[in-house]
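Report on the following structure.
The values are calculated or read from the model by the stated rules, or taken from the named source; none is laboratory data. Remember, predicted model here, so these are calculated numbers, not experimental data. Glycine also receives a Cβ, built like all others from the backbone with ideal geometry; neighbour counts cover every protein chain displayed.
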Amino acid sequence: MDDLSSKKCVPCDSKDIRPMTEQAANELITKVPEWNLVNEGGILKLSRSWKVKAFTKGLELFQAVADVAEAEGHHPDLHLVGWNNVKIEIWTHSVGGLTENDFILASKISALNLQHLLRKKATA
């Protein structure tokens, strides 16, 4: 399979697009490390969380993600919880589940340089 980040999201308005099976999603999840496959009420989604340095850094992270999402024409659910907990959920709303587009977008988000926005991990 090609590198997901080199692919482009396709329009989701076709009546031929169906949500992928859990088995197919489990195969693709290995291509997007640090993302989790979650099942919320029967809807498969991709989810990932970050801890940012400050509230405004969370907004900067959202802007970086928004730029990628707009370029792909595929938009994730963005959550800023508390002052520094960022969570992103990706799924194709129009089909009620996951499509390859979701994994493409996750891959492109993972490729962003966000280190300057994130809290340093505690060392033991």
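Loosely packed, with under 14 Cβ neighbours inside 10 Å and within 22 Å of LYS121 (Cα to Cα): does that describe TRP83?
Values: loosely packed, with under 14 Cβ neighbours inside 10 Å: yes; within 22 Å of LYS121 (Cα to Cα): yes.
Here the answer is yes, as TRP83 does meet what is asked.
Could you list all residues from the range 58-76 that are free of Cβ contacts under 8 Å to residues at least 60 places away in the same chain and under 12 Å from LEU105 (Cα atoms)? Full working, then the answer.
We begin by selecting, within the range 58-76, every residue free of Cβ contacts under 8 Å to residues at least 60 places away in the same chain; these are 58-71, 75-76.
Within the range 58-76, VAL65, ALA66, ASP67, VAL68, ALA69, GLU70, ALA71, HIS75, PRO76 meet the criteria.
Which residue pairs have Cβ atoms under 7 Å apart, sit 6 or more places apart or on different chains, and have a first residue in the range 36-54 that is under 15 Å from TRP91 (Cα atoms) and a second that is modelled with pLDDT of 95 or more and hydroxyl-bearing (Ser, Thr, Tyr)?
If the second residue must be modelled with pLDDT of 95 or more and hydroxyl-bearing (Ser, Thr, Tyr), the pairs left are ASN36/SER47; VAL38/SER47.
Which residues, counting only those in the range 85-109, are within 20 Å of GLY58 (Cα to Cα) and either modelled with pLDDT under 95 or in a strand (DSSP E or B) (or both)? Break it down stepwise before answering.
Just the residues of the range 85-109 that are within 20 Å of GLY58 (Cα to Cα), to begin with: 85-90, 105-109.
Result: ASN85, VAL86, LYS87, ILE88, GLU89, ILE90.
What number of residues within the range 94-105 are over 9 Å from the mean Cα position of the chain (by Cα) and closer than 12 Å to LEU46 by Cα? Break it down stepwise before answering.
Step one: of the range 94-105, the residues over 9 Å from the mean Cα position of the chain (by Cα) are 94-101.
Applying the additional criterion that residues be closer than 12 Å to LEU46 by Cα yields 97-101.
Result for the range 94-105: 5.
Look at ASN26 and say whether it is assigned to a strand (DSSP E or B) and of a type outside the set (A, V, I, L, M, F, W, C).
Numbers: assigned to a strand (DSSP E or B): no; of a type outside the set (A, V, I, L, M, F, W, C): yes.
No: the conditions fail for ASN26.
Name the single residue, out of those in the range 2-53 being hydroxyl-bearing (Ser, Thr, Tyr) and surrounded by 11 or more Cβ atoms within 10 Å (Cβ to Cβ), that is nearest to ARG119 (Cα to Cα). Walk me through how you get there before you give the answer.
Start the filter on the range 2-53 by keeping residues that are hydroxyl-bearing (Ser, Thr, Tyr), which leaves 5-6, 14, 21, 30, 47, 49.
Next cut, surrounded by 11 or more Cβ atoms within 10 Å (Cβ to Cβ) only: 5, 21, 47, 49.
Working: SER5: 25, THR21: 35, SER47: 19, SER49: 12 Å.
Selected residue: SER49.
Go through (1) closer than 16 Å to ASN36 by Cβ; (2) of a type in the set (Gly, Ala, Ser); (3) modelled with pLDDT under 95 for SER47 and report which single condition fails.
All conditions are met except number (3).
So which residues in the range 7-25 are free of Cβ contacts under 8 Å to residues at least 24 places away in the same chain and of a type in the set (Lys, Arg)?
Result: LYS15, single match.
Within the range 54-62, is there a residue that is more than 24 Å from LEU117 (Cβ to Cβ), at pLDDT 95 or above and either outside any loop (DSSP other than H, G, I, E, B) or of a type in the set (S, T, N, Q) (or both)?
Checked the range 54-62: no residue is more than 24 Å from LEU117 (Cβ to Cβ), at pLDDT 95 or above and either outside any loop (DSSP other than H, G, I, E, B) or of a type in the set (S, T, N, Q) (or both).
Determine whether the range 105-112 contains at least one residue that is within 26 Å of CYS12 (Cβ to Cβ), touching a Ser or Thr at 6+ places or on another chain (Cβ under 6 Å) and surrounded by 16 or more Cβ atoms within 10 Å (Cβ to Cβ).
If we filter the range 105-112 for residues that are within 26 Å of CYS12 (Cβ to Cβ), which is where we start, we get 105-112.
So of that shortlist, the ones also touching a Ser or Thr at 6+ places or on another chain (Cβ under 6 Å) come out as 107-108, 111.
Narrowing further to those that are surrounded by 16 or more Cβ atoms within 10 Å (Cβ to Cβ): 107-108.
Yes.
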